């Protein structure tokens, strides 16, 4: 599984990678997932709809990530709002 972070002007940057079937890797991925959320990032996994359209599904907990997911993308929350 790969963790990618979206950075304006840089695109996707790899921030962590590991095999969730390996205990040490899984623990490192859990810690990095939590760290990104604590920094105010949102997390999403890419999915493909039945029609073939590519979409993203938001995740709030590591346990919500399907074990078959190849990557998780972190991106900053939008500024502004009320």
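All of the numbers you see were taken from the coordinates with simple rules; none came from a lab. Worth saying up front: this structure is predicted, and the values here are computed from it rather than measured. Don't worry about glycine lacking a Cβ; one is built from the backbone with ideal geometry, like all the others, and counts go over all protein chains shown.
Structure notes:
- Contour excess over end-to-end distance, with Cα ends at residue 61 and residue 15 and 0.36 nm allotted per residue: 14.8 nm
- With the simple model of a label 7 Å out from the Cα in the direction of the Cβ, residue 69 to residue 27 spans 2.2 nm.
- Over all distinct Cα-Cα pairs of the chain, the Kirkwood formula returns a hydrodynamic radius of 13.4 Å.
- Contour minus Cα-Cα distance for residue 6 and residue 50 (0.36 nm per residue): 13.2 nm
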